Amino acid sequence: MSRYLAPALVAAPADLVFYSIDNAEPLIANPQDVCPSPPVGFSERFIHSEIYKAYPSITSVIHSHALPVIPFSISPRPLAACFHMAGFLGTGVPVWDFADAYADSNQQDMLVRNAKLGASLTKSLRGEIPSAKHSNPAKRLLMRGHGMVVVAQSIEMCVLCAIYTVQNAEILQTARGLGEEVKVLSEREVTDTRNTTAKGAVKPWPLWVREVEIASEIYRNLA
């Protein structure tokens, strides 16, 4: 994971920290190094470690604070699939609530700061484990007042599902703002659009890579 740095600013190997899945503690590549202590990392690394621990076949986890999804984490109205690229969202994304997992002794700042909170979040992930054997491309979860988690078998598919989750939230909010009843995807449409999405990110991925390459004012590669 990136060290305590906005992920978009990662530019070199020194910006990355390797962690043990078992305890989310940083790994030291060479204990004989002059400065073996790793840089400060993210407190919410327990989200990633507990998901990888529970689902060994998973290779990619995205945790995001994307603003468009947060209203659906604090509202009784579910984040349901409403356009053809978001069938993996189903008829409603589950919401994990920090309040259900806190111990009285916990710092209740709505951050996943320990393994117990990470394990509680992981148990709330719904859907089949993403794999090449079936058509479910991702597991997904909203975090109350905080953001979202997307889990997939590949980096490309995880990014695809994260992007389309945010776009679906934006579309749904815009449609509801029109003041009429919104028609979301039916169960059959959810299944069939999910099957199509599961075929991969072959088409959009090169475009997203190119967008990063030309956004030189933000993204740098110093490796």
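Please treat every number below as a calculation from the coordinates, not as lab data. Everything quoted here is computed from the prediction, not taken from an experiment. Note that each Cβ is placed from the backbone with ideal geometry, even for glycine, and that neighbours are counted across all protein chains shown.
Miscellaneous remarks
- Taking 55, 4, 102 and counting other C-beta atoms within 10 Å, the order from fewest to most: 4, 102, 55
- DSSP beta bridge pairing in the chain, given as percent antiparallel to the nearest 5: 90
- 52, 219 arranged by Cβ crowding within 10 Å, fewest neighbours leading: 219, 52
- Length gained on full extension, residue 212 to residue 84: 43.6 nm, using 0.36 nm per residue less the C-alpha separation.
- GNM result for the chain, Cα springs below 10 Å: residue of 170, 213, 181 fluctuating most strongly: 181
- Degrees between helix 187-197 axis and first principal axis of the chain (Cα, 0 to 90, nearest 10): 50
- Footprinting exposure proxy for 51, 218, 163, 155 (fewest neighbouring C-beta atoms within 10 Å first): 218, 155, 163, 51
- Helix 115-124 vs. the chain, principal-axis angle (Cα, 0 to 90°, nearest 10): 20
- Links that overshoot a 22 Å alpha carbon limit, given the list 53/123; 123/199; 53/139; 53/116: 123/199
- Kirkwood-Stokes translational diffusion coefficient of region 68-186, alpha-carbon pairs, 20 °C, 1.002 mPa s, µm²/s: 142
- In nm, spacing of pseudo-spin labels at residue 57 and residue 23 (7 Å Cα→C-beta vector): 3.0
- Placing unit charges on the Cβ atoms of the charged side chains and taking the dipole of the chain about its Cα centre, the candidate lying farthest along the positive direction among 178, 46, 63 is 178.
- Residue 67/residue 155 FRET efficiency (R0 25 Å; Cβ-Cβ; nearest 0.05): 0.60
- Spacing of the modelled spin labels on residue 174 and residue 43, each 7 Å from Cα toward Cβ, amounts to 3.6 nm.
- Between residue 6 and residue 189, the simple label model (points 7 Å from Cα in the Cβ direction) yields a spacing of 3.6 nm.
- Between helix 204-214 and the chain there is an angle of about 50 degrees, using the helix long axis and the longest principal axis of the Cα atoms.
- J(HN,Hα) series, region 91-102, from Karplus relation 6.51 cos²θ - 1.76 cosθ + 1.60, nearest Hz, glycine and proline x: 8, x, 7, x, 10, 9, 10, 3, 4, 6, 10, 5
- Normalised by 2.2 N^0.38 Å, where N is the number of residues, the C-alpha radius of gyration of the chain stands at 1.07.
- The magnitude of the dipole of region 162-218, with charges of +1 and -1 set on the Cβ of Lys/Arg and Asp/Glu and taken from the Cα centre, is near 240 debye.
- Helical contribution to [θ] at 222 nm, DSSP H n ≥ 4, -39,500 (n - 2.57), averaged over the chain, rounded to 500: -9000 deg cm²/dmol
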